[in-house]
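Below is one structure; the comments refer to it alone.
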Number of protein chains: 2
Amino acid sequence: MGRPKTWDRSEVLRRATRLFWEKGFEGTHLQELVRVAGINRFALYKEFGGKEGLFEESLRNYMKDMEVLTSLLAREPLGLANIRAMFRATDAYDFHHGCFVLNTVREKHVVGAGAWSATRKFVEGGEAAFRRNVEAAVVRGELPPATDAEGLARFLVALDIGLITYGVAAPEGTDRGRALEVLDRFLDGLSGGRR
Amino acid sequence: MGRPKTWDRSEVLRRATRLFWEKGFEGTHLQELVRVAGINRFALYKEFGGKEGLFEESLRNYMKDMEVLTSLLAREPLGLANIRAMFRATDAYDFHHGCFVLNTVREKHVVGAGAWSATRKFVEGGEAAFRRNVEAAVVRGELPPATDAEGLARFLVALDIGLITYGVAAPEGTDRGRALEVLDRFLDGLSGGRR
DNA sequence: CTTTTTTCTGAACGATTGTTCTAAAAAAGC
DNA sequence: GCTTTTTTAGAACAATCGTTCAGAAAAAAG
């Protein structure tokens, strides 16, 4: 009963995510938001609790989408192959507007506490996932026993983050493939003919 | 003759740079800007041409400051030692608010064309500087002749960018030193006992 | 049809944005 | 003292921000 809604919740979320991803929290204005997302102001406040509520839900929606990538680090058996797959997939993914999570980190002075702690957990989770694969690689003999798992994990996270960010800052169409080959040879070198 | 100014140009620029660096172009409001920078609105428009003018000059001021780092890649003789020094210095520098240039890249939808092209040139310049040192390292025998200089240069730029960005996103006080040691061993591995 | 319920449209709200402008203030020259 | 010149402080500006709300609109129930 009652007048039917003219919008679909998941579709609104999808479009809002894209917009916040591109322009950030402050850079996204309500006028454009309601136009692009296809929802009216009234419903936006009733359904999402305003701009900040929609932003936070968009951020979590983005993190869910990222499971396409992060799940690659959870595949059994853990090891070097997962790490290689992760970098290849990251390179193939469309990060034209950078990483939404990292972008949000840079707006900590303006986004709510919920969004801020979510970004923190996301980054920590990424580092932990890398570390688990490094540790497994050591156990499986793909990496030498003396490997500093935490140091290597941080190195890999930083590189992953850097490749994404570099893709935005570098001239359009710059090929990251050759940088990835360097990484591959690096991992080859670490395993040192073990496998 | 006339009433004396109550502000110093370079000091205003220094403080504006810090503020824009931290909060970005959109996130920095005139009210706070004039208060922190110690200049009045009228003079800000007469001297810098408004918010956008001051922003662009702040960005260039930041790039000048970065010469403390970028000059490390120009030291003769070019080679691996420069690259190692660059990463050590980057790690030691205070990038608590990330890199101003990279932050600006993420605001391309709102900053002027001048600022935008300046960021592009800065990143390209960084990559070129890395590449020159890689090429020199090959000539000097520090790296094998088959080295893909451009690929390695991109790899290093991405890593450098990533370490800065990771430092902002990771929990406060996270030690990047061990990630740097991984890089050092990586470079050792590349040179393969040549030097 | 009328009533009820829910949503939509569009206007209005106060607050804040970047910018402009006016009048007072502070120096120097005479 | 009185001008002249330059800068300052702060008001005023239109525009826009995020938010709220009242009335019209669109469905279902009786």
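Observations
- Members of the stretch B:131-149 found to be part of a helix (DSSP H, G or I) and away from chain A (no Cβ under 11 Å), listed by number: B:131, B:132, B:133, B:135, B:136, B:137, B:138, B:139
- For the stretch B:1-34, a tally of residues being of a type in the set (Lys, Arg) and loosely packed, with under 13 Cβ neighbours inside 10 Å returns 2.
- Scanning the stretch B:156-172 for residues that are under 17 Å from residue B:102 (Cβ atoms), at the interface with another protein chain (Cβ under 8 Å from one of its Cβ atoms) and either of a type outside the set (D, E, K, R) or free of Cβ contacts under 8 Å to residues at least 60 places away in the same chain (or both) yields B:157, B:158, B:159, B:161, B:162, B:163, B:165, B:166, B:168, B:169, B:170.
- Among the numbered conditions (1) buried (at least 20 other Cβ atoms within 10 Å of the Cβ); (2) hydrophobic (A, V, I, L, M, F, W, C); (3) facing chain B (nearest Cβ under 7 Å), the only one that residue A:190 does not meet is (3).
- Filter result for residue A:104 (buried (at least 16 other Cβ atoms within 10 Å of the Cβ), part of a helix (DSSP H, G or I) and within 16 Å of DNA strand D (Cβ to nearest atom)): yes
- Of the residues screened, residue B:118 is one that is on the phi < 0 side of the Ramachandran plot and in a helix (DSSP H, G or I).
- Here the condition is being β-branched (Val, Ile, Thr) and out of contact with any Phe, Trp or Tyr (no Cβ under 9 Å at 6 or more places or on another chain); of A:123, A:105, A:111, A:139, it holds for A:139 alone.
- Filter pass, residue A:84 being closer than 22 Å to residue A:167 by Cα and either away from DNA strand C (no atom under 16 Å from the Cβ) or buried (at least 20 other Cβ atoms within 10 Å of the Cβ) (or both): yes
- Residues (within 17 Å of residue B:156 (Cβ to Cβ), free of Cβ contacts under 8 Å to residues at least 60 places away in the same chain and surrounded by 15 or more Cβ atoms within 10 Å (Cβ to Cβ)) located in the stretch B:53-81: B:66, B:69, B:70, B:72, B:78, B:81
- Check on residue A:135, under 21 Å from residue B:178 (Cα atoms), acidic (Asp, Glu) and out of contact with any Asp or Glu (no Cβ under 9 Å at 6 or more places or on another chain): yes
- Single residue of the stretch A:141-163 satisfying the filter (crowded, with 21+ Cβ neighbours inside 10 Å and β-branched (Val, Ile, Thr)) that is farthest from residue B:157 (Cα to Cα): A:157
- Which numbered condition residue B:175 fails, given (1) more than 8 Å from chain A (Cβ to nearest Cβ); (2) under 17 Å from residue B:92 (Cβ atoms); (3) modelled with pLDDT of 95 or more: (3)
- Total residues in the stretch B:87-101, condition more than 11 Å from the chain's Cα centre (by Cα) and crowded, with 16+ Cβ neighbours inside 10 Å: 3
The values are calculated or read from the model by the stated rules, or taken from the named source; none is laboratory data. Bear in mind that the values here come from a model prediction, so they are computed numbers and not experimental data. Ideal geometry is used to build each Cβ from the backbone, glycine not excepted, and the neighbour counts take in all protein chains shown.
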